[in-house]
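As structure tokens, the structure follows; a few thoughts come after it.
The values are calculated or read from the model by the stated rules, or taken from the named source; none is laboratory data. The shown structure was predicted, so the numbers you read here are calculated from the model rather than taken from an experiment. Positions of Cβ are generated from backbone atoms using ideal geometry, with glycine treated the same way; all protein chains shown enter the neighbour counts.
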Amino acid sequence: MKIIKVPDYQAMSEKACELVMEKVNTIEKPVLGLATGSTPEGLYQQLIKKHHHHEVSFKNTTTFNLDEYVGLSKQDPNSYYYYMQEKLFKHIDIPREQAHLPNGEGDNLQANCQDYEQLIKAAGNIDIQLLGIGLNGHIGFNEPGTSFSSRTHIVELDESTRKANARFFSSLADVPSKAVTMGIGTIMESKQIILLVSGEKKSDAVTRLITGEITEAFPASILQKHENVVLIADEAALKDR
Ligand code: F6R
């Protein structure tokens, strides 16, 4: 795992932007894996800025988001679909049909998961997968205990994850209890993984990620086995190192 230590959140976002742009500008048909949450927002702002300055185009890019809540419509401001439109897609030139998220709606969620896996495969797998990390070590919505060989699947969200995400909802009760997420096996097939971490509250998780035992009890620990992971973390997140 390559570790890039940066002073703060802004520098983390700028460094990540540089790496993403490098790929998007050199690969003919780049495939990006995207994340939501607080961590990548600064990166998305940087990408939008660079796009407006004509330094990057996403016309040939295909994207796959990590996860989506079950039962929230696309118009729901808390759905990840809505988040991606607002924070990135509507500001750049990616053709809408090339930007994919797991589908958490409908009667056959299992079929949705299989379709998503097929789409990723058909696109030739992910060139760069962006990841954040949960305090409990989750990646995507793969909570502790998830099999390392899991594919896109439905998950029951941990109480701690629902609490952490309640800040975006009007109350904890409104946070969905289920989500669709790319599996750990799916994520591990990405050619490169860029993991972003900022803030002191993530420092324990970062230590465990880098040096802890590789165990399904801490999903992010599997990244130690991936041959091309770049961790971009700020000083606060790396305070113990
Ligand atoms: C988001 C995702 C999650 C987050 C993680 C950290 O698509 O898959 O694993 O990356 O929960 O969230 P933040 O960035 O809000 O601290």
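All but one of (1) modelled with pLDDT of 95 or more; (2) surrounded by fewer than 14 Cβ atoms within 10 Å (Cβ to Cβ); (3) in a helix (DSSP H, G or I); (4) of a type outside the set (Val, Ile, Thr) hold for Leu223, so report the exception by its number.
Answer for Leu223: the failing condition is (2).
Taking the conditions exactly as written (without any contact (Cβ under 8 Å) to a residue 12 or more places away in the chain, closer than 22 Å to Tyr80 by Cα and part of a helix (DSSP H, G or I)), does Arg162 satisfy them or not? First the steps, then the outcome.
On the way: without any contact (Cβ under 8 Å) to a residue 12 or more places away in the chain: no; closer than 22 Å to Tyr80 by Cα: yes; part of a helix (DSSP H, G or I): yes.
In short, no.
Just to be sure I understand, how many residues within region 123-145 are out of contact with any His (no Cβ under 8 Å at 6 or more places or on another chain) and over 29 Å from Glu18 (Cβ atoms)?
3
Given the conditions (1) at pLDDT 95 or above; (2) surrounded by fewer than 17 Cβ atoms within 10 Å (Cβ to Cβ), and given that Asp240 satisfies all but one, which numbered condition is not satisfied?
Result: Asp240 fails condition (1) only.
As an exercise: evaluate Ser170 against (1) touching a residue at least 40 places away in the same chain (Cβ under 8 Å); (2) outside any helix (DSSP H, G or I) and give the number of the one condition it does not meet.
(1)
Residue under question is Met84, and the condition is that it be among the hydrophobic types (A, V, I, L, M, F, W, C), within 16 Å of the ligand (Cβ to nearest atom) and under 30 Å from Gln224 (Cβ atoms); does it hold?
Against the criterion (among the hydrophobic types (A, V, I, L, M, F, W, C), within 16 Å of the ligand (Cβ to nearest atom) and under 30 Å from Gln224 (Cβ atoms)), Met84 qualifies.
So Gln45 fits all but one of (1) within 12 Å of the ligand (Cβ to nearest atom); (2) in a helix (DSSP H, G or I); (3) out of contact with any Cys (no Cβ under 6 Å at 6 or more places or on another chain); what number is the exception?
(1)
For residues in region 54-73 being away from the ligand (no atom under 16 Å from the Cβ) and not small (Gly, Ala, Ser), which is farthest from Met188 (Cα to Cα)?
The extreme case among them is His54.
Just to verify a result, which residue in region 127-182, among those that are within 22 Å of Phe64 (Cβ to Cβ) and of a type in the set (Lys, Arg), is nearest to the chain's Cα centre (by Cα)?
Of everything passing the filter in region 127-182, Arg151 is nearest to the chain's Cα centre (by Cα).
Just to verify a result, which residue in region 133-183, among those that are within 12 Å of the ligand (Cβ to nearest atom) and among the acidic types (Asp, Glu), is nearest to Thr215 (Cα to Cα)?
Among those residues, the one meeting the criterion is Glu143.
In region 49-78, what residues are among the basic types (Lys, Arg) and more than 26 Å from Asn112 (Cα to Cα)?
Filtering region 49-78 down to residues among the basic types (Lys, Arg) leaves 49-50, 59, 74.
The answer is Lys49, Lys50.
Go through the residues of region 103-113 one by one and say whether even a single one is out of contact with any strand residue (DSSP E or B) (no Cβ under 7 Å at 6 or more places or on another chain), part of a helix (DSSP H, G or I) and surrounded by 14 or more Cβ atoms within 10 Å (Cβ to Cβ).
Checked region 103-113: no residue is out of contact with any strand residue (DSSP E or B) (no Cβ under 7 Å at 6 or more places or on another chain), part of a helix (DSSP H, G or I) and surrounded by 14 or more Cβ atoms within 10 Å (Cβ to Cβ).
Condition test on Glu18, is it on the phi < 0 side of the Ramachandran plot, exposed (fewer than 14 other Cβ atoms within 10 Å of the Cβ), without any contact (Cβ under 8 Å) to a residue 24 or more places away in the chain and among the acidic types (Asp, Glu)?
yes
Could you tell me which numbered condition Ile194 fails, if it satisfies all but one of (1) over 21 Å from Met12 (Cβ atoms); (2) in contact with a strand residue (DSSP E or B) (Cβ under 9 Å, 6 or more places away or on another chain); (3) not charged (D, E, K, R)?
With respect to (1) over 21 Å from Met12 (Cβ atoms); (2) in contact with a strand residue (DSSP E or B) (Cβ under 9 Å, 6 or more places away or on another chain); (3) not charged (D, E, K, R), Ile194 is out only on (1).
Out of region 21-42, which residues are within 16 Å of the ligand (Cβ to nearest atom) and either surrounded by 16 or more Cβ atoms within 10 Å (Cβ to Cβ) or part of a helix (DSSP H, G or I) (or both)?
As a first pass, look at region 21-42 and keep what is within 16 Å of the ligand (Cβ to nearest atom): 32-42.
Selection gives Leu32, Gly33, Leu34, Ala35, Thr36, Gly37, Thr39, Pro40, Glu41, Gly42.
Which numbered condition trips up Thr186, out of (1) away from the ligand (no atom under 12 Å from the Cβ); (2) among the β-branched types (Val, Ile, Thr); (3) under 21 Å from Asp107 (Cα atoms)?
Every condition holds for Thr186 apart from (3).
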